[in-house]
Amino acid sequence: MRLILAPMEGLADHFLRRLITAQGGFDWVVSEFVRVVDRPLPDSVFHRVCPELLNQGTTVSGTPVRVQLLGNHLDAMAANAQKAIELGSHGVDLNFGCPSKTVNRSQGGAILLREPETLFRVVRSVRQALPAEVVVSAKMRLGYDDASLMIENAQAIESAGATELTVHARTKAQGYAPPAHWDQLADLAEHIRLPLIANGDIWTPDDYRRCTSIVGTEDVMLGRGAIRNPDLAFRIRQSSTADTTSWHQLAPLIGEFWQEVRLSMPERYCAGRLKQWLNHLRQVHPEAEQLWQRVRGEADIQRLDNDLRSAAKLAA
């Protein structure tokens, strides 16, 4: 069993990566993507996206972090992959799954699933630029408009020398709409030899068990499920039957998150970052819904402090 925390642009930043991995259960984390255009990037870009590189490439709790690169310029992707490894990344991941219209218009992310040969060239350029022992992984979706190129895309990534492949069990066109199509991952697994990591709609330990029984792999990447329930990976490893993180455990984490955000981000962004996470938490935690209703229109930092302290006292 290998459990990986997914790269989620604008959501799973280093604040949440630290808190979630501290709950235990994860083998590694994939960072938000580093956007590559046509040249090597300065160290500061990597450190901004993945400050864990300043901590030997791990979160505070010791979970390895793998930098993800997004782009299609072969020389620049190779050069920035080398830079990521030099800075301490535990392997390199390549993004062929981002559904963002802005990213896709720039020929990055999921749009490349229309071009298996481009996938092959990008993966091969990175693979050839790195020592053989360095992991080069990729993340893709079932396809762009449909899954007609799913097998061809995966085989292109495999033949180019990737170490492992994560597949989000939806097409770009399907976005995040339920359900995730685990059965199609099972079909894909029969056509490739490299390790397959399943991703999509794993919200509970029971979802993990159903997904892995269908796909035929024990390896999964957890995304929004871990955002809403930070101890999900730990509960999966414990074969827990509990569907959610207890509010008693979660409320202090929200307070800790808020204090870190306050210390690190410009004040004008702090309230929005808190509300973004609460908006996910309230989907499964009634207490988070109550807190959300209290803070949703609030921008004053001191009043937000008071609201969070009150929530922590009620949960204690």
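Derivation of every value follows stated rules applied to the coordinates shown; laboratory data play no part. This structure is a prediction, so every number in the text was calculated from the model and none was measured. No Cβ is skipped: glycine too gets one built from the backbone with ideal geometry, and neighbour counts run over all protein chains shown.
Over all directions, average the projected area of the Cα convex hull of the stretch 101-219 and note it in nm². Mind showing how you got there, number by number?
Details: hull surface 30.0 nm².
Averaged projected hull area, Cα only: 7.5 nm².
Can you compute the charge dipole magnitude of the stretch 1-88 about its Cα centre, using +1 on each Lys and Arg Cβ and -1 on each Asp and Glu Cβ, nothing else charged? Give it in debye, rounded to the nearest 20. Please list the in-between numbers first.
Working: 8 positive and 9 negative charges, 26 e Å.
The dipole magnitude comes to about 120 debye.
Using the Kirkwood formula on the Cα atoms of the stretch 19-61, what hydrodynamic radius do you get, in angstrom to one decimal?
Numbers: mean 1/r = 0.0848 Å⁻¹.
Evaluated on the stretch 19-61, it is 11.8 Å.
Spelling out what I want: for every residue of the stretch 290-300, take phi, set θ = phi - 60°, compute 6.51 cos²θ - 1.76 cosθ + 1.60 (Karplus), and round to whole Hz; glycine and proline get x.
Running phi through 6.51 cos²θ - 1.76 cosθ + 1.60 with θ = phi - 60° gives 5, 5, 4, 5, 6, 9, 4, x, 9, 10, 6 Hz.
Taking neighbour counts of Cβ atoms within 10 Å as a proxy for exposure, in what order, fewest first, do Val215, Val295 appear? The partial results should precede the final answer.
On the way: Val215 23, Val295 18.
Going from sparsest to densest Cβ surroundings: Val295, Val215.
With +1 on each Lys and Arg Cβ and -1 on each Asp and Glu Cβ, and nothing else charged, work out how big the dipole of the stretch 247-315 is about its Cα centre, in Debye to the nearest 20.
On the way: 10 positive and 9 negative charges, 22 e Å.
Roughly 100 debye for the stretch 247-315.
May I ask which residue of Pro205, Ile236, Trp277 lies farthest towards the positive end of the charge dipole of the stretch 201-316, with charges of +1 (Lys, Arg) and -1 (Asp, Glu) on Cβ and the Cα centre as origin?
Trp277
For the residues Arg273, Arg282, Arg210, what sequence is obtained by ranking on other C-beta atoms within 10 Å, fewest first? Kindly include the intermediate steps, with their values, before the conclusion.
On the way: Arg273 21, Arg282 18, Arg210 14.
Fewest-to-most Cβ neighbours within 10 Å comes out as Arg210, Arg282, Arg273.
Counting just the Cα atoms, what span does the stretch 221-316 cover along each of its three principal axes? Round to the nearest Å and put the largest first.
42, 28, 20
What do the square roots of 5 times the Cα gyration tensor eigenvalues come to for the chain, in whole Å, largest first, as semi-axes of the equivalent ellipsoid?
That gives 33, 23, 17 Å for the three semi-axes.
What residues qualify as long-range amide H neighbours of Thr59, i.e. H under 5 Å apart, gap of 5 or more or another chain, H built at 1.01 Å from N?
For Thr59, the qualifying residues are Val65.
Which pairs, out of Lys101/Lys275; Lys83/Lys139; Lys83/Lys172; Lys139/Lys172, put more than 22 Å between their alpha-carbon atoms? Let's see the in-between values first.
Numbers: Lys101/Lys275 24 Å; Lys83/Lys139 20 Å; Lys83/Lys172 29 Å; Lys139/Lys172 13 Å.
Going by Cα-Cα distance, Lys101/Lys275; Lys83/Lys172 fall outside the 22 Å limit.
Just name one of His90, Pro179, Val295: the one whose Cα is farthest towards the positive end of the charge dipole of the chain (beta-carbon charges, Lys/Arg +1, Asp/Glu -1).
Val295
Would you work out the relative contact order for the stretch 247-315, in percent, from Cα pairs under 8 angstrom that are 6 or more residues apart?
Working: 44 pairs, mean separation 26.4, N = 69.
After rounding, I find 38 percent.
Quick check on the exposure proxy: order Met8, Met77 from fewest to most C-beta atoms within 10 angstrom.
Details: Met8 16, Met77 23.
Least to most surrounded, the residues fall as Met8, Met77.
Considering only C-alpha atoms, what is the centroid distance from the stretch 206-252 to the stretch 101-141, in Å?
28 Å
Using the Karplus equation 6.51 cos²θ - 1.76 cosθ + 1.60 (θ = phi - 60°), what ³J(HN,Hα) coupling, rounded to whole Hz, does each residue of the stretch 224-233 give in order, writing x for Gly and Pro?
3J(HN,Hα) across the stretch 224-233, in whole Hz: 4, x, 7, 5, 7, 9, x, 9, 4, 4.
So what is the relative contact order of the stretch 3-237, in percent, for Cα pairs below 8 Å that sit 6 or more residues apart? Write down the numbers at each step before the final one.
Values: 513 pairs, mean separation 42.7, N = 235.
After rounding, I find 18 percent.
Normalising by the residue count of the stretch 7-134, find the relative contact order in percent from Cα pairs under 8 Å and 6+ residues apart.
Numbers: 216 pairs, mean separation 28.9, N = 128.
In percent, rounded to a whole number, it is 23.
Once both axes come from the Cα atoms, what is the angle between helix 74-87 and the longest principal axis of the chain, in degrees from 0 to 90, rounded to 10?
Here the helix axis deviates by roughly 50 degrees.
Dividing the Cα convex hull volume of the stretch 187-230 by residue count, how many Å³ per residue is that? Each step should come with its number before you reach the end.
Numbers: hull volume 2.9 nm³, N = 44.
Value for the stretch 187-230: 66 Å³ per residue.
Over the alpha-carbon set of the stretch 130-179, work out the extent along each principal axis and list the three values in angstrom, largest first.
For the stretch 130-179, the Cα extents along the three principal axes come out at 38, 18, 13 Å.
Any idea what the dipole of the chain comes to, in debye rounded to 20, about its Cα centre with Lys/Arg Cβ at +1 and Asp/Glu Cβ at -1? Write out the running numbers ahead of the final one.
Details: 35 positive and 37 negative charges, 133 e Å.
With only Lys, Arg, Asp and Glu charged at Cβ, the dipole is about 640 debye.
Amide H to amide H under 5 Å from Gln68: which residues, 5+ apart in sequence or cross-chain, H placed 1.01 Å off N in plane?
Hits under the 5 Å cutoff: Ser31, Val34, Asp93.
Which value, in Å³ per residue, describes the convex hull spanned by the Cα atoms of the stretch 34-81?
On the way: hull volume 3.1 nm³, N = 48.
Spread over its residues, the Cα hull of the stretch 34-81 gives 64 Å³ apiece.
Ordered by residue, what ³J(HN,Hα) values in Hz, to whole numbers, does the stretch 117-131 give under the Karplus form 6.51 cos²θ - 1.76 cosθ + 1.60, where θ = phi - 60° and Gly and Pro are x?
Karplus values, whole Hz, x for Gly and Pro: 5, 5, 4, 4, 5, 5, 4, 5, 4, 6, 4, 6, 8, 10, x.
Any number yet on Rg/Rh for the stretch 31-126, C-alpha, Kirkwood? Can you show the working numbers first?
Working: Rg = 13.1 Å, Rh = 13.4 Å.
Computed over Cα atoms, the ratio is 0.98.
Can you check what the net charge comes to around His73, using other residues whose Cβ is under 13 Å from the Cβ of His73 (Lys, Arg +1; Asp, Glu -1)?
On the way: positive: Arg35, Arg39, Arg121; negative: Asp38, Asp75.
Spelling it out: positives minus negatives among the neighbours equals +1.
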